[in-house]
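Heads up, the thing below is written out as structure tokens.
The values are calculated or read from the model by the stated rules, or taken from the named source; none is laboratory data. Since this is a predicted model, take the numbers as computed values, not measurements. Ideal geometry is used to build each Cβ from the backbone, glycine not excepted, and the neighbour counts take in all protein chains shown. Please note that ligands, DNA and RNA were not included when accessible areas were found on the heavy atoms of the full protein model with its side chains. Shrake-Rupley method; radii C 1.70, N 1.55, O 1.52, S 1.80 Å.
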Amino acid sequence: MVRAETPLPKLSQALERVMGWEGYHLHMFDAGGILFGEPDEDTDYVISEKAATVKHVLPRVGASLRWDYAFGDGWEHDVVVEAIESPVEGTRYPVCLDGARACPPEDCGGIPGYERLLAALADPRDPEHDELVEWAPDGFGPEIFDLVAANRRLRGR
């Protein structure tokens with residue numbers, strides 16, 4: 001859950017944190033073909049993400065956008081408004097309500113790299129097993145989602 005007034009850069013930061021990523025890759029939002037990100041001389045068709053908030057690009061229940069992260073790895077995420085509610089007094093936003101499975105580790109190589117990582121971790125005879133066990137985040141288990149850890153990351157702890 002995020003506040004409607006959340007600027008898009010803060011939404012990206014929340015998504016990165018809840019995923020367990022560090023946020024050092026480029027990202028972009030695609031809201032119905034309108035692109036928001038960090039424009040430069042090569043991407044003059046991109047609107048500055050600082051110019052929009054969640055309520056601007058996701059104005060109603062069912063509205064959606066795509067959040068692209070780490071263009072080389074090709075992570076594409078659909079962000080969909082499931083409900084619009086008044087903020088609850090005493091609740092710190094953003095907050096993660098639920099999740100399923102662990103997020104792929106950052107820089108694992110997109111979907112093909114993640115599939116390769118899972119195969120190597122599951123097979124002690126795999127030639128890359130030991131190296132990837134060492135490389136994977138401590139305590140990584142693909143079936144594990146830690147809601148408390150996700151919310152700690154959202155709080156910057």
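Looking at residue 23, is it on the phi > 0 side of the Ramachandran plot and touching a strand residue (DSSP E or B) at 6+ places or on another chain (Cβ under 8 Å)? It would help to see each step written out before you state the result.
Values: on the phi > 0 side of the Ramachandran plot: yes; touching a strand residue (DSSP E or B) at 6+ places or on another chain (Cβ under 8 Å): no.
Answer is no for this residue.
Applying the selection to the stretch 11-47, what residues are within 20 Å of residue 150 (Cβ to Cβ), open to solvent by 30 Å² or more (accessible area, probe 1.4 Å) and either touching a residue at least 60 places away in the same chain (Cβ under 8 Å) or hydroxyl-bearing (Ser, Thr, Tyr) (or both)?
If the condition is that a residue be within 20 Å of residue 150 (Cβ to Cβ), open to solvent by 30 Å² or more (accessible area, probe 1.4 Å) and either touching a residue at least 60 places away in the same chain (Cβ under 8 Å) or hydroxyl-bearing (Ser, Thr, Tyr) (or both), then 15, 17, 18, 19, 20, 22, 24, 25 are the ones that fit.
Residues checked against (1) loosely packed, with under 15 Cβ neighbours inside 10 Å; (2) at pLDDT below 95; (3) over 15 Å from the mean Cα position of the chain (by Cα); (4) of a type outside the set (Ser, Thr, Tyr):
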| site | (1), (2), (3), (4) |
| --- | --- |
| 110 | no, no, no, yes |
| 114 | no, no, yes, no |
| 144 | yes, yes, yes, yes |
| 147 | yes, no, no, yes |
| 151 | no, no, no, yes |
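What residue, of 89, 128, 134, is touching a helix residue (DSSP H, G or I) at 6+ places or on another chain (Cβ under 6 Å), among the acidic types (Asp, Glu), surrounded by fewer than 16 Cβ atoms within 10 Å (Cβ to Cβ) and over 25 Å from residue 36 (Cβ atoms)? Walk me through it before giving the result.
Values: 89 fails: touching a helix residue (DSSP H, G or I) at 6+ places or on another chain (Cβ under 6 Å); 134 fails: touching a helix residue (DSSP H, G or I) at 6+ places or on another chain (Cβ under 6 Å).
Only one candidate qualifies: 128.
Does any residue in the stretch 55-82 that is among the acidic types (Asp, Glu) and open to solvent by 30 Å² or more (accessible area, probe 1.4 Å) come within less than 7 Å, Cβ to Cβ, of a residue that is assigned to a strand (DSSP E or B) and modelled with pLDDT of 95 or more six or more places away or on a different chain, and which pairs are these?
Partner pairs satisfying both residue conditions: 76/66; 76/68; 78/64; 78/66.
Among (1) open to solvent by 40 Å² or more (accessible area, probe 1.4 Å); (2) over 15 Å from residue 15 (Cβ atoms); (3) aliphatic (A, V, I, L, M); (4) at pLDDT 95 or above, there is one condition residue 120 misses while meeting the rest; what is its number?
Result: residue 120 passes all but (1).
Any chance you could count how many residues in the stretch 103-136 are part of a loop (DSSP other than H, G, I, E, B) and either over 22 Å from residue 20 (Cα atoms) or free of Cβ contacts under 8 Å to residues at least 60 places away in the same chain (or both)? Please lay out each step first, then the result.
To start, the set of residues in the stretch 103-136 that are part of a loop (DSSP other than H, G, I, E, B) comprises 103-109, 123-128, 136.
With either over 22 Å from residue 20 (Cα atoms) or free of Cβ contacts under 8 Å to residues at least 60 places away in the same chain (or both) added as a condition, the list becomes 104, 107-109, 123-128, 136.
Selection size over the stretch 103-136: 11.
For residues in the stretch 71-96 being among the hydrophobic types (A, V, I, L, M, F, W, C) and at pLDDT 95 or above, which is nearest to residue 137 (Cα to Cα)?
Going residue by residue through the stretch 71-96, those that are among the hydrophobic types (A, V, I, L, M, F, W, C) are 71, 75, 79-81, 83-84, 88, 95-96.
When the remaining residues are screened for being at pLDDT 95 or above, the result is 75, 79-81, 83-84, 95-96.
Details: 75: 19, 79: 25, 80: 28, 81: 30, 83: 33, 84: 35, 95: 23, 96: 21 Å.
Checked the stretch 71-96; the qualifying residue nearest to residue 137 (Cα to Cα) is 75.
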